[in-house]
Every structure is written in C-alpha cells, then in structure tokens.
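Data first, discussion second: the structure below is written as structure tokens.
Each value in this text was obtained by applying a stated rule to the coordinates, not by laboratory testing. Nothing here was measured: the structure is a model prediction, and the numbers come from that model. Cβ: placed from backbone, ideal geometry, glycine included. Neighbour counts: every protein chain shown.
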Amino acid sequence: MKILHFSDTHLGYNDLEVLNAENINQREADFYDAFAQVVTQIQEIRPDYIIHTGDLFHRASPSNRAIAFALEQFGIINSLNIPFILIAGNHSTPRTNMSAPILKIFEGFENIYLSYDQTYKMIEFADVIFHTLPHMNDETQALSQIELCEENVHKSKKNIMMMHCSVGAWYLMQEFGEWVYPSEKEYIFKMMDYVALGHWHGFGAVGKHENVYYSGSTERTSLGDKRNSKGFILVTLDGANAKTPSLFDAAHVEYKEIQIRPILQREIDCEAYENAASNVDTSDTANAIVEVKLTNLTALQSIDIQNAEIKKLFPEAMFVSVKREFKRSQNAGIVDDIEVLSLENHFLEHIKEDADAKEYERLKGKIQELFSAYEEVSDD
Ligand SMILES: [Mn+2]
C-alpha cells in the first residue's frame, strides 16, 4: 500500500512585493507552483491514498485566487479516483464560531474526505483506517478526542493517524493557537502503522519513533526558514496481501524533493568593504532569494552603503535582502552608560566619535530624518 503524504501548502501566502509576468505576487505564485508539482507527482506515482495534514491555505479566509487554484487542483486529484484525506491545521481553523471552516468547500468531491470539525473522525476503507485529529482550539477536548482515537484502532486493518500539532515542545512554530500533543499519549503511536504529522515545516522523523513523520511544508513561509529542500513523503506499508496481516508493520518512508526557489546567504565584510563587495560570490543567484549580511559595519559605513548598491551586485536575483551587523565597540564598557539614551541618540554618539564636526552636522539631519520615518511606521 502506497500513501502519499504532504502538508502545510499554505496556498495564498504572499511576501516580498515582487510581481511576476501575470501581475501575481511572485512568492504567492511559488506556493501554487509547489502544490502543482506535488499534483504532477501524484499523477505519475498513482498512490493508493493521498493525505494532507493541514494548513492547506495560509488563512482561514483565503483570497479568491487561492480558492480558485485549490478547486482546480482538487478537481485534477478527484478525477484520479484515489481517496484524498485532509485535515484542518491551525491556519485554516477559524478562531470563533462566527465563520465556517474553509475546507467545507471541498465537500462536493466524491474522492475527497475532510476532517475539520475540531473532533476526532475515523475515515475507514476496506484495508485501512485513517484516524484524523484536526487542529483543535480546546486542549481539554483534544485529550478526550485522542482517547476516542485509541479506542478505534482495529488490528485487522492498517491504522494511520493524522494530526496537525507539535509533538512535545520541539516542533512549535511560534504561531497563534498551536496544539501540543500530550507526551503521555505518545504510546498510541506504537499502535499505528504510520503517524502523519503537519505543522512543522521541515521533513523528519519525530524523536525515537520510527513511524512518526512530519512531511514538512512545500514552500517557506518566512525568510527565516533557510531550508532549501522541500517535498513530500511516499510511505509504503508492507503486508497488505499477507494472509495474517501483521499489526505495526514497519513503514517504509521515502522523502521526495520538489524544486523550490532557493534562498542563498552571502556575507560582505565591511572591514574591507570595496574588496569584499567586488569579490562576493554571485554564482547561482539567478532567480534566487539572496540574503546579504553586511558585517563589521561602522556607523558611518552604514549610512553610506545603500541597499540599492548591494542589490546591484546580484542583478539576476529575484529578491535581495540586506542585513546589517555592526562592528563591536572597542570599549564595550561604555554600553552600560548608554542604556538610558534613545537609539537615535546612541547612534548620534557613535557618529560623533567617528566623524569630524562638519561631517557630524551633515549626517545629523539625515539620521534624525531616518529615525522619524522609522518611528512613523513602527508606531501603529
Ligand atoms: Mn503550517
């Protein structure tokens, strides 16, 4: 039995204010492309079941474009006559009863099975039971639902558990309403042939469990996610045709990579700025997201080196982000006295140390202007 497991597709996510040729946010388009790559693989592999462990959409109320894209892709999957089972994640679960869960829109597809009601749901086929535990806002209710799941394990069939949560505190995403699976209930995993998890955006097995996996997301929802490998899992469960199917067959787990836009990190040491800038490695940066870190910056350099100048070094890149790291002060002792100063004054003090009086006056106005612009945007 082959089961294709993917997750955290976050359709409708957008970022970076770059438009593609069709005037669609380029990052949003990247997420659609990643999803379409999985669907292409589904058409080639033809697994027995397809499962998605949550965060299909990025928001509980996605845009029309995201909904239209999903409906089109679900139409393709539905036409393959392969059961497709989905659970809701925290991103697609409304926080109040005022709005209906978005996954409802797929109820009309005959081969699509949904679990979004914040309760345990058993989805049963001739040879396998999918024990689905969608995202739950209420942890107390979650515990009783886990117990229901435990009661419904049937040894005569394969048992697959599907959840969108953090198993222990290791897999928290620092997001709203995350659900942490209680560690005292991890023994249930041993009763399952495979435990499919969503929420964590990297592929991997969970702790010491051999059959518990996060497939990871299909794209990165933040530039903080430096992983350049995204994909899905193809699980093969043996013994499907054995006379006495054994419980707890070892799941064979294969990670399949898809092609995503790379994120590359480069460093320019401002100790020797001109030289470092002209020698920076620009290879393979075409269409990539490039994160450039300017290190050992002095306050003066920070004003003079414009982001636009750094971006010009990578003309083929899709996006260049510039991070600034200041040189450590030689007399770190003075830092204690500076605490009471505002960041603006602190900065001005630095300039005063480095520049002559005339240069200080020239830069002062510029700095004050920059800080007032910053306060304007950070005041809301
Ligand atoms: Mn997610």
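What lysines sit close enough to Lys190 to cross-link, taking a C-alpha to C-alpha distance under 17 Å and skipping anything fewer than 8 places away on the same chain?
Filter leaves Lys155, Lys157, Lys158, Lys208.
With unit charges on the beta carbons (Lys and Arg positive, Asp and Glu negative) and the dipole taken about the Cα centre of segment 1-52, which residue among Gln26, Val38, Ile50 sits farthest to the positive side?
So the residue furthest toward the plus end is Ile50.
Could you list which residues have their amide H under 5 Å from that of His164, counting only those 5 or more apart in sequence or on another chain, with H placed in the peptide plane?
His135, Gly198
So what does log10 I(q)/I(0) come out to for the chain at q = 0.14 Å⁻¹, using the Debye formula with one equal point on every Cα and no solvent?
Results for the chain at q = 0.14 Å⁻¹ read -1.13.
Select from Met1, Gln301, Leu234 the residue farthest towards the positive end of the dipole of the chain; place +1 on Cβ of Lys and Arg, -1 on Cβ of Asp and Glu, and compute about the Cα centre.
Farthest towards the positive pole: Met1.
Tell me which of Ile123, Ile105, Tyr213 sits at the most positive position along the dipole axis of the chain, charges placed on C-beta atoms (Lys, Arg +1; Asp, Glu -1).
Among Ile123, Ile105, Tyr213, the one farthest towards the positive end of the dipole of the chain is Ile123.
Based on other C-beta atoms within 10 Å, arrange Lys121, Lys155 from fewest to most.
Lys155, Lys121
Please state the charge dipole magnitude for the chain, taken about the Cα centre, from unit charges on C-beta atoms (+1 on K and R, -1 on D and E), reported in debye and rounded to the nearest 20.
So the dipole magnitude of the chain works out to roughly 1200 debye.
In terms of Cα to Cα distance under 17 Å, which aspartates and glutamates are near enough to Lys185, apart from those fewer than 8 places away along the same chain?
Answer for Lys185, where 17 Å is the Cα cut-off: Asp138, Glu139, Glu147, Glu150, Glu151, Asp193, Glu210, listed by chain and number.
Which of these, Lys352, Lys185, Lys226, has the largest mean-square fluctuation under a Gaussian network model of the chain (Cα springs below 10 Å)?
The residue that fluctuates most here is Lys352.
State, to one decimal in nm, how far the label point of Glu110 lies from the label point of Tyr360, with both points 7 Å from Cα in the Cβ direction.
Here the modelled spin labels are 8.2 nm apart.
Restricting to DSSP loop positions (anything but H, G, I, E, B) with no more than 12 other Cβ atoms inside 10 Å of their own Cβ, which GluC sites (Glu not before Pro) remain in segment 6-102?
Here the GluC sites (Glu not before Pro) that fit, given the DSSP loop and packing criteria, are Glu17, Glu22.
log10 I(q)/I(0), Debye, Cα-only segment 146-235, no solvent, q = 0.12, 0.17, 0.22 Å⁻¹?
After summing over all Cα pairs, the log10 values are -0.39, -0.75, -1.15.
List the aspartates and glutamates whose alpha-carbon lies under 17 Å from that of Lys358, not counting same-chain residues fewer than 8 positions away?
Asp304, Glu349
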